[in-house]
Amino acid sequence: MAEKGNDPAVIWQTMIGEMEKGFNSFANQAMTSPEFSKMMNQAGGAAAGAQKQLGELMEKYLLAMNMPSRAQFVGMAERLQSIEGQLSEIKALLQQVHHNSLAPEGGYAAKPRPPRTKQPPPEGERK
Amino acid sequence: MNAPTGLDFAAISERVQSEVQRAIQRSIKGVEYFSSSGPSLGSTPKDELHSRGTMHLYHYRPQASEVYRVPVLIVMATTNRGYILDLVPGQSFIEFLLKRGYDVYMLDWTAPKPEEKSLRMEDYVLDFIPDCVRRVQQDSGETDVSVIGYCFGGVLSLLYGSIFKDGPMKNLICFTTPIDFREMKLFANFADRRYFDVDGLIDSTGNMPPELILQSFEMLRPASRMAGQVQLWENIWNDEFVKSYRMFDRWATDTLPLAGEYFRAITKDLMWDNKLYNDTMTVGGRQAKLADIKVPILHAVAEHDHIVPYDAAKHLITKIGSEDKEEVMLKGGHVSLVAGANAIKRLWPKLDSWLGKRST
């Protein structure tokens, strides 16, 4: 076999690994500066601002077209979610009633489950 | 060995042959890679006990003939999916716990919908977690519940435990859980209060978009994605490497959005004011002090964690009020600590030996 030090594949992998580490470390140093935070947040803020303006414009347009806006859909979704939540509560209550009728001593064990009797193995026996 | 030139021609020829074979395999496997969907994740049998919007509570079907008395509730981080703890058979933390005789429940999250943007920290700590704990009690028939929190799931578990100090939490295990947010230096700089307009962002987007969360995670190691892709191409002939790459890559990029108000509270209370560390944290008007947690606690941290550096996590054990407390530092990174080959050898057995004797 070729020696490890001469193996082009190993040299390539080491080089990639070192480049990754070097670049990450360099970038991490650069990213701890307040200037980086300012620049990053200015760019992010501009994008969010543009998105907000576009959203407002779209809302006016939809209103003019007599169509429901996103906010109205969200409102409807909120109501649907609250109905879903209530249905889920009713379902849980029904399940509880059903379980209780099968196991009158408590809600547990509508279907057979293992007993809760396990003890930890003595020290030294763990794998 | 060829003495005059120092070159071993037989070895070089063997190497060239092996590289040619790998190149052919790369082409074949490369096509397979793009045409297949990768391993199926999170397939340990489970039942959904309850769901409400973003919140989902699962019960995993027991796999042992007898189980410990105290059930275990895993609280997953709100930014990521719970299947990192249930990758594939043989590499699943959940499966490991089930086989070791634990009765396992998981509080997992799906993407909050636009209408869930108003979910606050109090919804998570004072409603979702207590609701799930109650349901675990009902389902298991036991009063005591052990809680395992991963990353920010650990923060939520700490807040819950410090507010509900009289129980029913019996044991607490935190994986890579930050409490000193000043020490998450890069995140702290990204969220510098002088430049980061969290109100403007949340008011305009509703929920915190997952792309921004993913971007901020990737910025911690900006060259790693590209280096990972180079490594993938080099190793695409190796089925095991490809399987592992796909599992972790899929999970890492499967980031969830965060509910707007909840993210606002994380930024202001934790990132800016570091309230959990400073003992000034309140949730829904209720004080959350780490010193009020008195139950046995195990905190597992990773030696090379680039997301939650050790400095951000190290004060947890000193600040917690429990007498029975232990920190364990293991080799690995933020994810490999809990999933992957290292976790199987190191963390899982450690957790089993710690939790087993406290679960009867």
Hey, B:F187 outside any loop (DSSP other than H, G, I, E, B), on the phi < 0 side of the Ramachandran plot and within 12 Å of chain A (Cβ to nearest Cβ) or not: yes
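Condition check ((1) more than 9 Å from chain A (Cβ to nearest Cβ); (2) under 23 Å from the mean Cα position of the chain (by Cα); (3) not in a helix (DSSP H, G or I)) across all residues:
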{"residue": "B:I213", "(1), (2), (3)": "yes, yes, no"}
{"residue": "B:F217", "(1), (2), (3)": "yes, yes, no"}
{"residue": "B:R221", "(1), (2), (3)": "no, yes, yes"}
{"residue": "B:V230", "(1), (2), (3)": "no, no, no"}
{"residue": "B:I236", "(1), (2), (3)": "yes, no, yes"}
{"residue": "B:F241", "(1), (2), (3)": "yes, yes, no"}
{"residue": "B:Y245", "(1), (2), (3)": "yes, yes, no"}
{"residue": "B:W251", "(1), (2), (3)": "yes, yes, no"}
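Does B:S43 satisfy being within 14 Å of the chain's Cα centre (by Cα) and in contact (Cβ under 8 Å) with a residue 24 or more places away in the chain?
Numbers: within 14 Å of the chain's Cα centre (by Cα): no; in contact (Cβ under 8 Å) with a residue 24 or more places away in the chain: yes.
Answer is no for this residue.
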Qualifying residue in the stretch B:18-37 (condition: modelled with pLDDT under 95 and assigned to a loop (DSSP other than H, G, I, E, B)): yes
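Every residue, every condition in (1) within 14 Å of chain A (Cβ to nearest Cβ); (2) in a helix (DSSP H, G or I), yes or no:
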residue	(1), (2)
B:T143	yes, no
B:S146	yes, no
B:G154	no, yes
B:L159	no, yes
B:S162	no, yes
B:D166	no, no
B:N171	yes, no
B:P178	no, no
Verdict on B:A302 being under 24 Å from the mean Cα position of the chain (by Cα), away from chain A (no Cβ under 14 Å), surrounded by 18 or more Cβ atoms within 10 Å (Cβ to Cβ) and closer than 30 Å to B:I344 by Cα: yes
Hits in the stretch A:60-75 (condition: aliphatic (A, V, I, L, M) and outside any loop (DSSP other than H, G, I, E, B)): A:L62, A:L63, A:A64, A:A71, A:V74
Given (1) at pLDDT below 70; (2) facing chain B (nearest Cβ under 9 Å); (3) more than 35 Å from the chain's Cα centre (by Cα), number of the condition A:P121 does not satisfy: (1)
Selected residue (only one of B:M226, B:M208 is more than 10 Å from every other protein chain (Cβ to nearest Cβ) and either surrounded by fewer than 16 Cβ atoms within 10 Å (Cβ to Cβ) or of a type outside the set (D, E, K, R) (or both)): B:M208
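Of the residues B:L97, B:L119, B:L126, only one is out of contact with any Pro (no Cβ under 9 Å at 6 or more places or on another chain) and crowded, with 21+ Cβ neighbours inside 10 Å; which?
Working: B:L119 fails: out of contact with any Pro (no Cβ under 9 Å at 6 or more places or on another chain); B:L126 fails: crowded, with 21+ Cβ neighbours inside 10 Å.
Checking each option against the conditions leaves just B:L97.
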Residue identified as in contact with a strand residue (DSSP E or B) (Cβ under 9 Å, 6 or more places away or on another chain) and within 12 Å of chain A (Cβ to nearest Cβ) among B:L126, B:L98: B:L98
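If I go through the stretch B:258-299 residue by residue, how many of them are closer than 15 Å to B:I317 by Cα and either outside any helix (DSSP H, G or I) or of a type in the set (A, V, I, L, M, F, W, C) (or both)? Even if it seems obvious, please write down each step before you answer.
Residues of the stretch B:258-299 closer than 15 Å to B:I317 by Cα: B:276-279, B:289-299.
Now narrow it down to the ones that are either outside any helix (DSSP H, G or I) or of a type in the set (A, V, I, L, M, F, W, C) (or both): B:276, B:279, B:289-291, B:293-299.
Counting residues in the stretch B:258-299 that are closer than 15 Å to B:I317 by Cα and either outside any helix (DSSP H, G or I) or of a type in the set (A, V, I, L, M, F, W, C) (or both) gives 12.
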Selection count where residues are part of a helix (DSSP H, G or I) and exposed (fewer than 13 other Cβ atoms within 10 Å of the Cβ), scope the stretch A:18-43: 11
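Each row is one residue, and each column tells you yes or no for (1) free of Cβ contacts under 8 Å to residues at least 60 places away in the same chain; (2) assigned to a loop (DSSP other than H, G, I, E, B); (3) within 14 Å of chain A (Cβ to nearest Cβ).
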{"site": "B:A312", "(1), (2), (3)": "no, no, no"}
{"site": "B:L316", "(1), (2), (3)": "no, no, no"}
{"site": "B:G321", "(1), (2), (3)": "yes, yes, no"}
{"site": "B:M329", "(1), (2), (3)": "yes, no, no"}
{"site": "B:V335", "(1), (2), (3)": "no, yes, no"}
{"site": "B:W348", "(1), (2), (3)": "no, no, yes"}
{"site": "B:S353", "(1), (2), (3)": "yes, no, yes"}
{"site": "B:T360", "(1), (2), (3)": "no, yes, yes"}
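Using the structure shown, decide if A:M15 is in a helix (DSSP H, G or I) and either away from chain B (no Cβ under 11 Å) or at pLDDT 75 or above (or both). Spell out the reasoning first.
Working: in a helix (DSSP H, G or I): yes; either away from chain B (no Cβ under 11 Å) or at pLDDT 75 or above (or both): yes.
Considered against the rule, which asks whether it is in a helix (DSSP H, G or I) and either away from chain B (no Cβ under 11 Å) or at pLDDT 75 or above (or both), A:M15 comes out as yes.
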Those residues of the stretch B:45-69 which are part of a strand (DSSP E or B) and small (G, A, S), in sequence order: B:S51
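The values are calculated or read from the model by the stated rules, or taken from the named source; none is laboratory data. In this text the structure is predicted, and so the values were computed from the model without any measurement. Every residue, glycine among them, receives a Cβ derived from its backbone with ideal geometry; neighbour counts consider all protein chains shown.
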